[in-house]
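Everything on this sheet refers to the single structure shown next.
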Amino acid sequence: MNNVKTIAVLFFGMMLMLTTALMSFANDVPEFTRVLITPHSDASNVRALVGIHHEFGRSFSADVRPEQVSRLKKEAAVEELPAYHILGKPSSNVRTCTPSSRTPWGVSRVNGGSGGAGVKVAVLDTGVNSHRDLKVSLCKDATRSGIQNGCKDGNGHGTHVAGTIAANGGSDNLGIFGVAPEATLLAVKVCGSSGSCWSDDIAAAIRYASDQGANIISMSLGSDAENSLIRDAIDYAVSKGVLIVAAAGNDGPDFGSIDYPGANPNVVAVAAIDVNNNVASWSSRGVNDGDFTIEAREVELSAPGVSVESTWNNGCYNTISGTSMATPHVSGLAAKLWQGSASATRTYLHELAMLNDLDAAGDDPAAGFGLPVAP
Ligand SMILES: [Ca+2]
Ligand SMILES: [Ca+2]
Ligand SMILES: [Ca+2]
């Protein structure tokens, strides 16, 4: 009997020790911080200390452990980089493998579903999975070191956005249509499966897509804070003649709740409307003054973003909401209606939107110029 007791005590003692050891091991897993490093002088010392993620002139981004930062700061300026997030919202609808409609309500609303040939649209998102309704011409990953091959979508959000832009009805003629089915899709993964996206990956992808000849860059993501790497990359894209479209954000209805990069005056910020053309309460508002001129932190256009059905990463379909879903309607329209340059296309979209000037007159804080519809 005593032996049994001794064995039991020993057993539980060992279990306790093992549990404690496992817990301390878990606590020892290093936590990384994404930083931008600018060496004071000789970069080689600093470069040897870290795994470089992306190069930005003299600076570079890297994941570092907190205890590395003090050492690095002796030889370099070290700036912590913010994370951005995808702007999709779950809906009560279940996933389905047969689309409830081959032309979703939003694609009909903007009079899409055809065209876009010869126009390149880059989707910077969680990646895009292969799907029988999608033809992806370029599939790259900016979430690791440099720009690598592959764009596997572990979330579904990126595949959904890509479908709203350019789903082509499917090789079996049973699939769904996007706004501009003939547009050329370039997928650059900048967000992980959780929907979190590092600003340096976004900036590197904007530059990469511009160099690949993208006409339009579509970003269904945002953050409250502006990041200088992204702002500089946007300036670079604009200098290359790229039209940039981004989500207004899902932080409404407060005045000025708009997210970056949509809040950048060089980026077309898109609000979300429902099937009745009402701006969703959660769609972020700008600081618009209604003067029909776009300035910083203003909402520019509105598009369908409530209960939007599109392609999903499991090869089927899903219905979700968000300014993330409104954004690709505008990116698709820009491809379908491309006027030969980014500025001419943007002006044309304004003219079309003014024919459906929603919410309040002029470029109001909720709906901006309004809903552009293809003639
Ligand atoms: Ca803007
Ligand atoms: Ca204005
Ligand atoms: Ca308006």
Ranked from fewest to most other Cβ atoms within 10 Å of their own Cβ, Tyr236, Tyr260 fall in the order Tyr236, Tyr260
Out of Gly106, Gly146, Gly262, a Gaussian network model of the chain with alpha-carbon springs under 10 Å gives the largest mean-square fluctuation to Gly146
Once both axes come from the Cα atoms, what is the angle between helix 323-336 and the longest principal axis of the chain, in degrees from 0 to 90, rounded to 10? 50 degrees
Quick calc of log₁₀ I(q)/I(0), the stretch 111-205, Debye, one scatterer on every Cα, no solvent, q values 0.11, 0.14, 0.22 1/Å, result -0.29, -0.46, -1.00
Remind me, what semi-axes does the stretch 309-349 give for its equivalent ellipsoid, largest first in whole Å, using sqrt of 5 times each Cα gyration tensor eigenvalue? 27, 11, 6
Quick one: Cys191, Cys316, fewest Cβ neighbours within 10 Å first, how do they rank? Cys316, Cys191
Stokes-Einstein diffusion coefficient for the chain at 20 °C in a medium of 1.002 mPa s, Rh from the Kirkwood formula over Cα pairs: what value in µm²/s? 100 µm²/s
Round to the nearest 10 and give me the degree value, 0 to 90, for the angle of helix 199-211's Cα axis relative to the longest principal axis of the chain. 50 degrees
Just rank Phe177, Phe292, fewest to most, by other beta-carbon atoms within 10 angstrom. Phe292, Phe177
Helix 228-239 versus the longest principal axis of the chain: what angle, 0 to 90°, nearest 10, using Cα atoms? 30 degrees
Rounded to the nearest 5, what % of the DSSP beta bridges within the stretch 205-298 are antiparallel ones? 20 percent
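Rule-based calculations on the coordinates, nothing more; no lab input. Note that the structure is a prediction, hence the values are computed from the model and not measured. Positions of Cβ are backbone-derived with ideal geometry, glycine not excepted, and every protein chain shown enters the neighbour counts.
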